[in-house]
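See below for the structure under consideration.
The values are calculated or read from the model by the stated rules, or taken from the named source; none is laboratory data. This structure is a prediction, so every number in the text was calculated from the model and none was measured. Note that we place each Cβ from the backbone using ideal geometry, even for glycine, and neighbour counts take in every protein chain shown. Keep in mind that these areas ignore ligands, DNA and RNA; they rest on the heavy atoms of the full protein, side chains included. Shrake-Rupley method; radii C 1.70, N 1.55, O 1.52, S 1.80 Å.
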Amino acid sequence: MTGTADPATEHDELDAAFAEAVRRTGASVGALYLLAPDEQVLLLEVLCGAPAEFAAPWARVPLAAPAPVADAAREDRLVWVSGQEKMAHAYPRTAMALPYPLALAAAPVTGARRWGALLLMWPATRPPYMTGRERGHIESNCRRLARLLEDTVERGGSPVVGGGPRVVPVKAGPRSANPATAAADFVERLPGGSCSLDLEGRFTYVSSGACRLLDREADQLLGTLPWQSLRWLDDPVYEDRYRAAVISREPVSFAACRPPGEWLEFHLYPDASGISVRIVPAGGQPPPRPAPRLSTRTVTPARAGQLYQLTHLAAALTEVVGVQDVMDLVADQIMPAFGAQGLVLSTADAGRLRITGYRGYAPETIERLDGLSLDTAFTPAGQTLTSGMPVFCSDAEEMRRVYPEASLISGKQAWAFLPLIISGRPVGCLVLSYDSPHTFPAEERAVMTSLAGLIAQALDRARLYDTKHDLAHGLQEALLPRVLPRLAGLRVAARYLPATRGMEIGGDFYDLIRLGDSAAAAVIGDVQGHNVAAAALMGQVRTAVHAHAALGTSPDQVLSRTNRLLTDLAPDLFTSCLYAHFDFAGRRVTLAGAGHPPPLLRLPDGDTRPVGVTPGPLLGIDPGADFPVTDIPLTPGSTFAFYTDGLIETPGTDLDDSIADLARHLAHADDQDLNLLIDTLLSKTRTSGQRLDDIALLLLHPTADH
């Protein structure tokens, strides 16, 4: 008899290599994350050593998130966390959702392109350091995974499948060859009871002694979860002990009361294949903190996994900034957590429901729902928000019965309408919907309602932030020149980047001033701070400089007169400034500075160096200060770079070294397009991440046309 084996899927080789990498590194749990097509989110593609349920809070990790796997992929470096204390310090959100003793490494999977990251976890019993050999072994495995991913793409396949992780086993070493009957006889001779759980938590073996202690037959237990078949174990405390054993790979013990009053001790011994459990009577002595009996409960408790997911989401909500961030987090993590296929997030605005974001709906449906009044009967959302009470409809028939005027235009079959309310004030409404009927158990309703309160607070903060951001952005645009004047014989480009902390508004400024047909003035400055006060003073400084320059005043006098104005205003903020007068007819440039970094000059032959401007003091300190003048020739084809210190200041780096680095980047960059040149300089100076200071950059390129 012959047969044909099933053809291997295109991912079998990758899964096998991943499992081998986990086994050879000695890790107890492994996860392979791959970048989504938009390269903004890491998707958990393959998992081993733990159930998929455990990884639910981390099935989607934004690339910008403060998480080990995101840092590894984003920064192309290996991240090592030696223990729980280090985890709490470096990654508090991860530590909240993984409250177990463990060590962790995340390594980038990079080949011809960036693919994602490999996550490995070990029990905390391993040494709290990583050897060079271990590091090299992890990196070589990551390179192998990258090559397999590239092969998949070359064959026309897609490395990212989505839809939840594939759980693969780790191939263990050879087992004892003793007959199964001998092993069973050995277990039966032991006092108490014994049983075995797989990594999903299901019974795979139950001894007769365990059946007597648990008061169940073996066929009632095999294949079931303890907290499902033994209702007195249906408590997140006990499920948490099981999770601790799986994640930490260390023995765990706890005591539980089997009704009506018999206390049992459970001793869990985990390894890569499952958990062995010993059950013995507790001698009638309850533990110091006895667990309550299920018979006293009126509501089934939430699963430990749901509680950890709620904790994880709560921590994530504290870190979101804008309304769109809240929407993305809800869609990427909360929808999958509750198995929803649709989501609508609305805010209350002037008595109407304004839809802020949605997923899983047709645009024309959203258009019909957007802007409805709060007292509408077209949807329960308004009534939910007004009453402050959530509404759960398990199927379309229930929706028609309870809300007969609601129109079922979306095709959804079940809904959870969750009011977003803070201190009695309505903020908005969150709707989770399902494509098929869905029951809402009491525990799920409780978790959803609790989560709605957290979302309401995050949404309120986000709306306030967006309002402040729009105000700051508008103020900044009003204070800076909207467009720079076009001058014959001069190419020019400028860029302003606010600090990434605070209100994203600052005191950096630049300007280009036409002075007749054959002259122009370029100015750049930096008022101390990046707040409204700094921006207001910046506007005054820029106006003063512009007014004095328009009168044909020399560079030193422009700064002197602006300085006297600032000392009269006594703003308590320091201001640096650099002023340059370009004389195109005479081919000269005259500069004067007030405590500002020197400009860079790139000559046509590529030679680039700082201009030796003799600096005067900062503006606004000494009303009688002098500002020395520096005069240099103006060479057509050269490029001037005026910048503020936010571009060159890096903690722990000498300022002169930073200026020299900037000059080197300017010397080797293409200056045919000045805007592209600005992009190059910003990328080379690592300004794309967190910025502690504002940045202004002004480039000028005189040509021979004048």
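Listing for the model above:
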{"quantity": "Simple Cβ-charge dipole of the chain, Lys/Arg +1 and Asp/Glu -1, about Cα centre, in debye nearest 20", "calculated": "1280 debye"}
{"quantity": "Whole-number D in µm² s⁻¹ for the chain, Kirkwood Cα-pair radius fed into Stokes-Einstein, 37 °C, 0.692 mPa s", "calculated": "108 µm²/s"}
{"quantity": "Between 0 and 90°, nearest 10: helix 674-684 axis offset from the chain longest Cα axis", "calculated": "50 degrees"}
{"quantity": "Label-reachable residues, segment 628-647, where backbone N falls under 19 Å from a point 7 Å from Ser518's Cα toward its Cβ", "calculated": "632-637"}
{"quantity": "Whole-angstrom gap from segment 622-671 to segment 233-271, using each part's C-alpha centre", "calculated": "66 Å"}
{"quantity": "Probe 1.4 Å - accessible area at Lys684, Å² to nearest ten", "calculated": "120 Å²"}
{"quantity": "Total charge dipole magnitude, segment 50-90, about the Cα centre, Cβ charges on Lys, Arg, Asp, Glu only, Debye to nearest 20", "calculated": "40 debye"}
{"quantity": "Between segment 355-427 and segment 78-99, the Cα center-to-center distance that results, in Å", "calculated": "39 Å"}
{"quantity": "Residues Lys468 and Ser253, FRET efficiency given R0 of 51 Å [Cβ-Cβ distance, rounded to 0.05]", "calculated": "0.45"}
{"quantity": "Selection of trypsin sites (Lys or Arg not before Pro), segment 529-637, meeting DSSP coil and at most 14 other Cβ within 10 Å", "calculated": "Arg587"}
{"quantity": "Label-point separation in nm, Leu190 to Ala350, each point 7 Å along Cα→Cβ", "calculated": "7.2 nm"}
{"quantity": "Additional length obtainable on full extension of the chain from Asp605 to Ala362, 0.36 nm per residue less Cα span", "calculated": "81.6 nm"}
{"quantity": "Size of electric dipole in segment 518-616: Cβ of Lys, Arg +1 and of Asp, Glu -1, about Cα centre, debye, nearest 20", "calculated": "160 debye"}
{"quantity": "Ranking by accessible area, most exposed first, for Arg114, Arg664 with a 1.4 Å probe", "calculated": "Arg664, Arg114"}
{"quantity": "Spin-label pair Arg587/Ser140, simplified geometry with 7 Å Cα→Cβ offset, distance in nm", "calculated": "6.4 nm"}
{"quantity": "Label-point gap, in nm, between Glu397 and Thr125 - each point 7 angstrom along Cα→Cβ", "calculated": "5.6 nm"}
{"quantity": "On Cα atoms only, tilt of 180-189 relative to the major axis of the chain in degrees", "calculated": "80 degrees"}
{"quantity": "Residue among Leu225, Ala255, Met327 farthest towards the positive dipole end of the chain, charges placed on Cβ", "calculated": "Ala255"}
{"quantity": "Segment Asn675-Phe378, length gained on full extension (0.36 nm per residue, minus Cα span)", "calculated": "101.8 nm"}
{"quantity": "Estimated D of segment 574-706 in µm² per second, where Rh is the Kirkwood radius over Cα pairs and Stokes-Einstein applies at 20 °C, 1.002 mPa s", "calculated": "137 µm²/s"}
{"quantity": "Solvent-accessible ranking of Thr562, Thr356, largest area first, probe 1.4 Å", "calculated": "Thr356, Thr562"}
{"quantity": "FRET efficiency, 1/(1 + (r/R0)^6) with R0 25 Å, evaluated for Ala90 and Arg133 via beta carbons", "calculated": "0.55"}
{"quantity": "Principal axis box of segment 518-561, alpha-carbon based, largest edge first, Å", "calculated": "37, 19, 14"}
{"quantity": "Overall dimensions of segment 342-438 as given by Cα atoms, namely Rg and Dmax in Å", "calculated": "12.2, 34"}
{"quantity": "For His665, solvent-accessible area (1.4 Å; no DNA, RNA or ligand), Å²", "calculated": "50 Å²"}
{"quantity": "Rounded FRET efficiency, nearest 0.05, which uses the C-beta distance separating Ser683 from Ser387 and R0 of 56 Å", "calculated": "0.60"}
{"quantity": "List Glu188, Glu397, Glu154, ordered by accessible area with a 1.4 Å probe, largest first", "calculated": "Glu154, Glu397, Glu188"}
{"quantity": "Nearest-ten-degree value, helix 12-25 long axis tilted from longest Cα axis of the chain", "calculated": "90 degrees"}
